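Computed from the coordinates by the stated procedures, all read-outs in this text should not be read as laboratory data. All values reported here derive from a predicted model rather than from experimental measurement. Counting neighbours? That spans all protein chains shown, and the Cβs are built from the backbone with ideal geometry, glycine included.
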Amino acid sequence: MASLGTRPLDAAKFRDPRVTARGERRAWVGLRGLETLWFNTGTLCNLACRNCYIDSSPRNDRLAYLTADDVAGYLDEIVRDGLPTRLIGFTGGEPFMNPQLPAMLAEVLSRGFEALVLTNAMRPMRKMADPLLALLRRHGSRLRLRVSLDHYAPAVHEAERGPRSWQPTVDGLVWLARHGFPVDVAARLLTEEPEASLRQGFSALFTARGIPIDAGDPVRLMLFPEMDATRDVPEITTACWGILGKSPESVMCATSRMVVKRRGAGRAAVLACTLLADDPQFELGATLAEAGRAVPLNHPHCAAFCVLGGAACSRG
């Protein structure tokens with residue numbers, strides 16, 4: 001297999017869900033069991049990042065706000081069908097832009113699930129401080145937040161997320177830590193520095209700010225590869241699993257799905273993946289039962305991010 005490069009993506013690749021451009025059988029991933037269900041609360045965000053994989057911004061509402069009723073319907077399906085789901089994740093956009101997020105979290109936590117919210121920890125989150133603290137008092141460590149802090153250096157983070165975005169995120173992270181919320185950090189590989197150097201930089205930041213995160217722990221500090229669907233990457237064939245020494249069960253679509261509601265749609269839909277909200281081939285149906293079929297790895301992100309990049313979006 002070729003390594004990741006900087007050439008433009010070969011237009012012949014990722015066209016047929018069954019075979020690659022070379023005519024080899026494309027790899028696919030079956031749903032081993034729905035352990036994690038993600039809800040995209042909407043694409044609206046308080047930031048417009050330079051390279052946002054879902055193009056979130058203060059104006060982009062192509063994925064509409066989900067409601068607490070939407071969430072409850074899928075939780076009902078989990079219970080009814082005895083699915084092995086333990087974690088409910090919320091992503092966006094910025095989830096705290098959705099005014100029903102506290103009600104969604106209350107619905108999830110009151111049913112005994114764990115909840116994970118991906119956030120930039122800026123003003124939208126701080127405006128919901130009171131309901132967040134009430135949820136923490138009631139449900140404790142079953143509510144976890146993962147804060148997107150792209151780099152320990154303000155200049156690198158703000159080159160991606162915009163001016164004056166680093167300090168409010170760090171302030172929000174400190175606020176969460178001081179109030180006892182379980183919290184992790186998600187950073188991105190935006191520079192050429194070695195991973196050890198990145199983790200040392202974050203460790204110094206966490207120590208200086210009194211944030212109890214072990215920067216050496218790959219779950220507490222996740223380092224995500226950048227996603228660029230225009231860059232050439234190898235297609236993943238069924239033979240790749242043995243070559244790479246990996247199993248299809250290690251890819252996140254083996255254990256997770258994501259719910260979205262498209263603007264103007266009558267109801268929500270279930271997608272194969274958190275990363276592919278706009279590709280119709282990864283929309284699997286309106287129910288979790290319909291979304292249980294296998295997923296062909298027919299997108300550059302499947303290769304670069306999930307298989308070759310080794311990334312995953314949930315804990316454990």
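Of all trypsin sites (Lys or Arg not before Pro) in segment 105-142, which ones are in loop regions per DSSP and have a Cβ with at most 14 other Cβ atoms within 10 Å? In loop regions of segment 105-142 (DSSP not H, G, I, E or B), the sparsely surrounded trypsin sites (Lys or Arg not before Pro) are ARG111, LYS127.
Ranking VAL147, CYS302, LEU135 by Cα position along the charge dipole of the chain, where only Lys, Arg, Asp and Glu carry charges on their C-beta atoms, puts LEU135 farthest toward the positive end. For segment 281-293, putting each phi into the Karplus relation 6.51 cos²θ - 1.76 cosθ + 1.60 with θ = phi - 60° gives couplings of 5, 9, 8, 9, x, 8, 10, 5, 4, 5, 8, x, 7 Hz, in residue order, rounded to whole numbers and with x for Gly and Pro. Between the amide H of THR237 and those of ALA27, distances stay under 5 Å, these residues lying 5 or more places away or on another chain, with hydrogens modeled in the peptide plane. For the chain, DSSP calls about 30 percent of its internal beta bridges antiparallel. In summary, the lysines within cross-link reach of LYS13, defined as a Cα separation below 28 angstrom excluding same-chain residues under 8 places away, comprise LYS246.
If the segment from GLU249 to ASP61 were pulled out straight at 0.36 nm per residue, it would be longer than the present Cα-Cα gap by 64.4 nm. The gain in end-to-end length when the ALA186 to THR230 segment is fully stretched comes to 13.5 nm, 0.36 nm per residue minus the alpha carbon separation. Note on ALA21 and ASN51: with the Förster distance fixed at 22 Å, the Cβ-Cβ geometry gives a FRET efficiency of about 0.25. Each of ILE54, ILE78 has some number of other Cβ atoms within 10 Å of its Cβ, and from fewest to most they run ILE78, ILE54. Basic side chains Lys and Arg get +1 at the Cβ, acidic Asp and Glu get -1 at the Cβ, and with that the dipole of the chain about its Cα centre reaches some 380 debye.
Would you work out if segment 1-125 is rounded, prolate or oblate? Take a ≥ b ≥ c from the square roots of the eigenvalues of the alpha-carbon gyration tensor; rounded if a/c is under 1.5, else prolate when a/b is larger than b/c, oblate otherwise. Since a/c reaches 1.5 but b/c is at least a/b, the shape of segment 1-125 is classed as oblate. For the residues GLY162, GLY82, GLY30, a GNM of the chain with alpha-carbon springs under 10 Å puts the largest fluctuation on GLY82. Between segment 256-289 and segment 206-239, the alpha-carbon centres lie 24 Å apart. Neighbours of VAL295, meaning other residues whose beta-carbon lies under 12 angstrom from its beta-carbon, give a summed charge of +2 when Lys and Arg score +1 and Asp and Glu score -1. Of the residues VAL185, LEU87, LEU34, the one whose Cα sits farthest toward the positive end of the charge dipole of the chain, with +1 on the Cβ of Lys and Arg and -1 on the Cβ of Asp and Glu, is LEU87.
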